[in-house]
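Since the structure comes first, as structure tokens, the remarks are kept for the end.
The values are calculated or read from the model by the stated rules, or taken from the named source; none is laboratory data. Being a predicted model, the structure only gives us computed values, none of them experimental. For neighbour counting, all protein chains shown are included, and Cβ atoms are generated from backbone atoms with ideal geometry for every residue, glycine included.
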Amino acid sequence: MKRSIKFLWISLVLGILLFNILIFMIEAGWLGEMPRMKDLENPQSAMASEIYSADEKMIGKLYLENREPVRFSEIAPCVFDALTSTEDERFYEHSGIDAEAIGRALFGVLTFNRSGGASTLTQQLAKALLNHGSGNIFVRLKEKLQEQIVAVKLEKNLTKQEIITLYLNTVPWGYNSFGIKSASKTYFNKLPKDLKTEEAAMLIGMLKGSSQFNPVRHEEETRFRRNVVLDQMVKNLKLDAGEAQNLKTLPITLDFSPMSDNHHTGVAPYFRQVVEQDVKAWCKTKGLNIYKDGLKIYTTLDTTMQALAEQAVEKNMYGKYKSTSRTSWDKHKKTLMRAVKESDRYKNLRADGKSEDEIMKVFNTKTKMKVFAWNSKREKDTTLTPLDSIKFMKGFVQTGFLVMDPATGEVKAWVGGINHKYFQYDHCNINTKRQVGSTIKPILYCLAVDNGYSPCQSVSLGKTFFPGHGYYGPDRAGGAMAIKTALAYSKNNATVSILKLVGIEHFVDFAHKLGITSELHPYPSVCLGADDISIIEMLRAYTMFPNLGINTKPIYVTRIEDRNGNLLENFVPERKEVINEITAWKMITMMQGTVKFGTGKRLKPGYNIKGEVAGKTGTTNSESDAWFIGYTPQLLGGVWVGCEDRFIGVGLGEGSRAAMPIWGTFFNLLQNNDKLKKYSVQEEFEKPAAMEGMNECDSEDQISLQRAEATMNVSRSDDEEPSENADLDPNSGINNHDYDEDK
């Protein structure tokens, strides 16, 4: 018996000793970094990084939390009463750790009757400051000890008023609201000092779970929780029972004004979004945090040019909408369901534990909502089923418009869509790819010219035979036409004939050499733009024309500095020669034909564009995609127009009617803007010295024109027979679409 007692005493002493050693190790930071008291007193959840434009204007901040701290005197007393009554009745009596609450919690565990937690407000504050909450039970035990140590430190160094104020300035309330001031503004559109008792009770009740007790989505549950808080205030003598009973009968009344997300407002939101993602990836390689380290990010964006680009988009996209029949959606149910599952509503319902049937019932029930509208507010109130709202929103015609300096690669303007709040999908992003149609043709023609074919030689307008694929040629025309004229009028069969001359694989390799990283399929239709490519890839490929043979990769971040202004990294453009200057100049003259007499002939007179311009239009099947890429001696711009879902044909006409107006409007505004005179000077394209006294049909040595013409006339070898299908081999994978611009 004595031995057993002795063993128990030794175990108790060793346990206490080990516990104290553990506490010492935690306090010393051996089991994880412990914050300094200075950091606890003045928590900075994020030191925002700042994004600057090329003209040295701050265009955005990147931070984790939307927080507006307030002082104790700026908070209504009823908020403190509701908080202590509900979360920590003995707050003003304990010193950070409540032994009575711990004992009550342990007893509840042993009796399987857990009626309350043991964490004090100070411990909850410590948990928030330490960003704790691991799902691993062993890690959580260590975190609990750390929180108790920090709670004691807080109690020793701060007053109770300071602790409870710091708590209210720290905790989250949903909808990007951190702290009592943000929460008061979000749900009641008022300051914390003006909160009524029932409003304070609702906000404090939400702390048990801002998703479960969300007054916007779960009014009844939130009202029940609010009334629990009111009862607690009565229990703790903070509220008269009769007054509480009256307040409990009141409905939840909100003046819901969610804090504006800076991602949706301000200058160039689509551009800032891509900068954020790219710099975040860069930070990962450097051990930095874009949201906490106060970086200064300098970009290439010109704010004046950006404003003109947004103005051009708005003027030409205003009111553009394509209605879609129920029959059309019935044929594309998978597309619709994918959109449903990507919506916030679906994700929130899933998070609430709703079944698929329950979710679809919600999506088929009419409800009040706001949707995008082409009006002054860019939104309207309406009543729709969530399913119909998705169909409605998908009818808006979208666009992507990118402007860059081809010589430096600097992106000057970036408009990724018509409205970032409602349509956050960025159509200028390199991962956003659409069929490019005839805008791919200048790349093929360039390859042919660079290999000795003259812009003035004739090319067949008939169908062309490709071994393994059969005859191919979407047009019904015949005869022949000069290569430069075929490009100006965007003749498909002529383009296919040129592809036969240079070779499909050679063309695909050349496109990749120009920086087009998208997959290109080695079929005859590749030369007509059947593949999906991003705007930014296409612009990179086009830089070789105004740069007289130099390909430049677009850049939009020039340097990054730390919070003290120390340079962390400089970014310079990647430049390489891909064609000779003579080929580039010949292509410029050929692409000028597009806007002088070809498919883009409306551009200069229609928008009073002065100076020299070259470019190319593009259109795909059912007018699902409309393109125009054009350049002056100083700037290169690309426009895409279409609906997010391809089966919804835009119905606005080919690229010259749907996309080119945005380009034309922008350059018209540009040349009349005093701040941008250096870009509006009416310069001519530089002609290489080697071409002096020559035109586009000449070359230094009059490269073997006869050989090229002889090759052009060969449609198939003698030992190959054409497919029975006069258009294409059905096994070739060719998409035999009519991409002709000449309508």
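Observations
- Comparison of 629, 648, 609 shows that the only residue that is in the same structural domain as residue 412 (by TED's automatic domain parsing), buried (at least 19 other Cβ atoms within 10 Å of the Cβ) and modelled with pLDDT under 90 is 648.
- Selection count where residues are within 28 Å of residue 517 (Cβ to Cβ) and surrounded by fewer than 18 Cβ atoms within 10 Å (Cβ to Cβ), scope region 574-600: 5
- Of the helices (runs of 4 or more DSSP H) lying entirely inside region 189-283, the ones with 2 or more residues being surrounded by fewer than 18 Cβ atoms within 10 Å (Cβ to Cβ) are found at 219-235, 241-248.
- Test set (1) without any contact (Cβ under 8 Å) to a residue 12 or more places away in the chain; (2) more than 21 Å from residue 627 (Cβ to Cβ) - residue 512 fails condition number: (2)
- Reported count of residues in region 571-623, each being in a loop (DSSP other than H, G, I, E, B), over 34 Å from the mean Cα position of the chain (by Cα) and aromatic (Phe, Trp, Tyr), is 1.
- Subset of region 509-539 [part of a helix (DSSP H, G or I) and under 18 Å from residue 472 (Cα atoms)]: 524, 525, 526, 527, 528
- Filter result for the condition that a residue is among the charged types (D, E, K, R), modelled with pLDDT under 90, surrounded by fewer than 22 Cβ atoms within 10 Å (Cβ to Cβ) and not assigned by TED's automatic domain parsing to the domain that holds residue 594, over 701, 727: 727
- Residues of region 219-232 satisfying the condition of being in contact (Cβ under 8 Å) with a residue 12 or more places away in the chain and farther than 20 Å from residue 89 by Cβ: 219, 222, 223
- Test: residue 141 is crowded, with 19+ Cβ neighbours inside 10 Å and either over 20 Å from residue 69 (Cα atoms) or modelled with pLDDT of 90 or more (or both): no
- Test result for residue 228, out of contact with any helix residue (DSSP H, G or I) (no Cβ under 8 Å at 6 or more places or on another chain) and modelled with pLDDT of 95 or more: no
- Residue count for region 587-608 under the criterion of being more than 10 Å from residue 488 (Cβ to Cβ) and in contact with a Ser or Thr (Cβ under 7 Å, 6 or more places away or on another chain): the result is 2.
- Number of residues in region 641-655 that are of a type in the set (Gly, Ala, Ser), assigned to a loop (DSSP other than H, G, I, E, B) and closer than 22 Å to residue 422 by Cα: the value is 1.
- Here residue 235 fulfils each of the conditions (1) in contact with a Phe, Trp or Tyr (Cβ under 8 Å, 6 or more places away or on another chain); (2) touching a residue at least 60 places away in the same chain (Cβ under 8 Å) apart from (1).
- On inspection, residue 171 fails the criterion of being closer than 21 Å to residue 92 by Cα, at pLDDT below 85 and of a type in the set (Val, Ile, Thr).
- In region 305-322, residue farthest from residue 569 (Cα to Cα) [restricted to those that are surrounded by fewer than 18 Cβ atoms within 10 Å (Cβ to Cβ) and either touching a Lys or Arg at 6+ places or on another chain (Cβ under 9 Å) or not hydrophobic (A, V, I, L, M, F, W, C) (or both)]: 322
- Within region 359-414, the set of residues being of a type in the set (D, E, K, R) and closer than 24 Å to residue 644 by Cα comprises 370, 377, 378, 379, 380, 381, 388, 391, 394.
- Output for region 397-408, where each listed residue is over 23 Å from residue 324 (Cα atoms) and assigned to a loop (DSSP other than H, G, I, E, B): 405, 406, 407, 408
- Filter result for residue 546 (assigned by TED's automatic domain parsing to the domain that holds residue 632, in contact with a His (Cβ under 7 Å, 6 or more places away or on another chain) and in contact (Cβ under 8 Å) with a residue 60 or more places away in the chain): no
- When region 243-271 is limited to residues that are modelled with pLDDT of 80 or more and charged (D, E, K, R), the one that is farthest from residue 424 (Cα to Cα) turns out to be 243.
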